[in-house]
Amino acid sequence: MSNVSRRDRAFEPLLPIRLIALDLDGTLIDDDLVLPERTRQAIVGALERGVAVSIATGRMSRSALRYARELGLTDPIVAYQGALIRDMPALDDGRVGRLLVHRPLPAAVAREAIEWTRSIGLDPHINHLERFIIRAADARAEDYSAFLGGRAVLVDDLLAWVRRPVSKVIAVSEGPIDESVLHLARERFAGRADVTISHPRFLEFLRPGVSKGAAVRWLARRAGVPLGAVLAIGDQFNDLEMIAAVGHGAAMPDAPLPVRAAARYVAAPLGEAGAAQLIEQLVLAPPADAARAVARLAEEARELRQTA
């Protein structure tokens, strides 16, 4: 699935951790879309210690903003797998922050992705900046709007709407997408789009070079933090590059095998506030305890890989 593996990683873990990049769905929040109090407290504790914290999500930035506000974050939001990065707005007035990075997918490639995903039975949509564009006849428009925290834009002809580059194409399946579909998509669009799975039912097409890994490198450069001193936690194929790019990469326990293989640590389940536990052990603990946790958690992850 990916050429990234643990042995390819160039960055050994450094302490103290100075930057945290956190996936949202499946890592911080479950299907109820509620941020657990233990998770909130752990992240607030990291902020109080001067650690930079950013949400790195496949969602639009407006959809992630409510969680960033709830956590008291001030660092940029990484949206659309890194195709878009925005400043946190200073005021809570409903407006999104200043656009820092936008790397959209060319229109011709986006149209081809729409046609190809339809041909294999998927239902494609468009994300562009803070808009979610779907077919007017889509019966699930209200469900998508509730999930994203905003109203969808309904259009009669999705292909005709795509006249300029767009942030990403997302194609939805009725059930979990088989990894073979990801293989096919990557082969077909090689060099023209990067393709990933962000949710068991979501296949995404992005401009080549766009990934959460590239976005986390951008955040680290901006903050002046070595990648070895970064903690990144995620649960899906779209998180693999950022997990592999940093010294403290962690996968949720239900992540696909290639994602867990790229991780230094495997977190406890979401229902047990696994991300919070990692932050407590690696960031909030006294230095000697954190150093011991690095070794212990890495060994536990190795043992899990051997039994997988």
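The values are calculated or read from the model by the stated rules, or taken from the named source; none is laboratory data. Fair warning: this is a prediction, and the values are worked out from it, not measured in the lab. For neighbour counting, all protein chains shown are included, and Cβ atoms are generated from backbone atoms with ideal geometry for every residue, glycine included. With ligands, DNA and RNA removed, areas are computed over all heavy atoms of the protein, side chains included. Shrake-Rupley method; radii C 1.70, N 1.55, O 1.52, S 1.80 Å.
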In degrees between 0 and 90, to the nearest 10, how far off the longest principal axis of the chain does helix 179-188 point, with axes built from Cα atoms?
60 degrees
Using a 1.4 angstrom probe and counting only protein chains, how large is the accessible area of residue 241 in Å², to 10?
70 Å²
For region 62-221, Rg(Cα) over 2.2 N^0.38 Å is 1.03
SASA check, residue 196, accessible area w/ 1.4 Å probe, all protein chains in place, rounded to nearest 10 Å², comes out at 10 Å²
Using only the alpha-carbon atoms, what does region 256-301 span along each of its principal axes? Please give whole angstrom values in decreasing order.
32, 22, 12
FRET efficiency for residue 300 and residue 254 from the Cβ-Cβ distance with R0 = 22 Å, rounded to 0.05, comes out at 0.85
Express the Stokes-Einstein translational diffusion coefficient of region 6-108 in µm² s⁻¹, to the nearest whole number, given a Kirkwood radius over alpha-carbon pairs, 20 °C and a viscosity of 1.002 mPa s.
144 µm²/s
What percentages, rounded to whole numbers, describe P(r) for region 186-254 computed over all alpha carbon pairs with 10 Å bin width beginning at zero?
21, 46, 29, 5
Cβ crowding within 10 Å averaged over residues, with 278-291, 220-233 ranked highest first:
220-233, 278-291
Protection proxy ranking, peptides 186-195, 55-64, average beta carbon neighbours within 10 Å, highest first:
55-64, 186-195
Could you tell me how many cubic angstrom of Cα convex hull volume the chain has per residue?
124 Å³
Stretched out fully, how many nm does the piece from residue 15 to residue 192 gain, at 0.36 nm a residue minus the Cα gap?
59.9 nm
Under the 7 Å Cα-to-Cβ spin-label approximation, residue 32 and residue 221 lie apart by a distance in nanometres of 4.1 nm
Full-extension gain between residue 107 and residue 137, please, as 0.36 nm times their residue separation minus the C-alpha to C-alpha distance.
8.5 nm
Per DSSP helix of 4 or more residues, -39500 (n - 2.57); summed, then divided by the residues of the chain. What does that give at 222 nm, rounded to the nearest 500?
-10500 deg cm²/dmol
